[in-house]
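Each remark here refers to the structure printed beneath this line.
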Amino acid sequence: MKKAIHLTSKERQIYLALLSPEQRKTLNEYRKYKYNSEVLTEFSQSGGDWKFLEMQINYNYDPSHPQDSTLKCSCGKGVKYLYYCQSNITSEVLGFGSEHLKQEAGISNAVVREILNGQHRIDRGLDEILYWYARGYTFPKLMYEFVQEFAYDCEVDEYFKAKDLKFLAAFEEQNLPIYNRDYKKLEKLVQDVNSRKSSEEYERKLEEEEKLRKEREEKERQERKKREQEEAERRAEEERKARIEKAKKEAEIKRLKEKFKYYLDEQANWEEKHQTKLEEKANQIDSSKRKQTLRKDFSGLANKRKEVTRRARLLFDKLFDEETSEMYALDPDNYGLILVLYGILGQGKTKANESVNIANVAVGFVTRLAKKFEYPVEQTDQELYQLYDKLVGILLSKGVLRRQGNRVVYGVNIR
């Protein structure tokens with residue numbers, strides 16, 4: 001607390017909100033006491049016809065609406081500061097504002113100026129208390145306890161009146177930093193008392209205060225380190241999640257490659273099987289031209305089967321990820337399932353708002369493909385119809401299909 005602090009009204013309200021009701025009460029009582037002490041001193045030195053009794057303060061005073069003030073000068077004007085005075089001649093008690101104080105009480109301009117300056121000093125000092133309390137400063141317990149333990153009453157009386165000591169005790173109880181002028185007096189008193197004691201004892205007390213300061217700094221350092229560690233942990237967690245996500249993508253790619261390998265192997269087995277049949281037929285036919293025709297037909301059929309399998313599989317992977325497949329128990333290795341989906345979605349080509357292939361069309365398409373290409377479809381016709389209803393329901397929930405009146409239509413274009 002080495003420099004004067006000037007708080008704005010807004011700042012003062014913010015800092016006051018940090019205090020407990022007991023702390024605010026102690027601060028307001030001390031402010032009133034200091035105001036009255038300042039005014040009483042100036043009155044006593046003025047030698048006028050009036051004796052000061054008490055000063056009251058309207059903390060909610062609005063300069064732009066003085067008429068709303070709860071404190072009124074004897075002339076009727078609303079004021080922030082009201083000085084109650086008693087006439088030394090008639091014993092009459094009146095309340096004066098600062099301007100009326102000069103006119104009616106016969107107080108000189110110089111005295112009024114000193115009174116207002118004293119109030120200003122008190123307000124600035126109390127602003128300092130709020131400012132430093134908000135920054136973690138509290139009551140100077142070490143100095144206060146040092147004085148209580150080692151100072152003589154006569155030494156204390158040189159610096160503090162009985163009322164001042166009462167407020168020091170109140171500030172200690174509420175753990176508030178003290179008024180700057182009181183802090184300096186307390187500091188000077190400690191120095192005076194310490195002059196009677198050994199320097200070693202005094203140094204020990206100072207070391208304790210220094211220790212507290214260092215502990216406070218260490219606490220701040222630890223908190224700063226903790227924040228940095230939490231930030232590092234947050235970044236590490238983000239990196240960990242990124243690695244997991246990358247691993248998932250790589251696993252998905254591997255899974256897709258394995259599934260495509262399954263279809264390639266199945267296709268190869270099919271071709272091998274039909275190649276054997278082709279050779280058996282070719283051996284039964286003498287015509288060279290007939291052999292070539294059979295081979296050409298087989299090659300075309302194999303390519304068509306391969307293309308249908310590829311497009312049906314790609315369509316499934318485009319619409320259903322691994323999580324969705326697990327949720328609805330969809331097996332991408334099931335030929336019946338992927339071919340029904342292929343039939344529902346127009347063999348992988350849809351146009352928004354066009355009607356969806358009905359169950360008979362889609363199931364009939366699967367039956368023809370299974371017969372033509374000898375797909376290993378395990379489901380019966382009834383099970384294929386049930387699979388059709390299940391897939392339509394899932395596609396409706398995903399927005400791929402939608403209802404339009406009594407019709408089910410495609411919700412998106414697929415190419």
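The values are calculated or read from the model by the stated rules, or taken from the named source; none is laboratory data. Only a predicted model underlies this, so the values are computations on that prediction, with no experimental measurement involved. We place every Cβ from the backbone using ideal geometry, glycine too, and count neighbours over all the protein chains shown.
General observations
- Any chance Leu330 is crowded, with 18+ Cβ neighbours inside 10 Å and either in the same structural domain as Asp389 (by TED's automatic domain parsing) or of a type in the set (Phe, Trp, Tyr) (or both): yes
- Complete set of residues in segment 194-227 that are aliphatic (A, V, I, L, M) and modelled with pLDDT of 85 or more: Leu212
- Being over 55 Å from the mean Cα position of the chain (by Cα), more than 21 Å from Glu323 (Cα to Cα) and surrounded by fewer than 13 Cβ atoms within 10 Å (Cβ to Cβ) is a property that does not hold for Thr367.
- Members of segment 136-190 that are surrounded by 16 or more Cβ atoms within 10 Å (Cβ to Cβ), β-branched (Val, Ile, Thr) and not in a helix (DSSP H, G or I): Ile178
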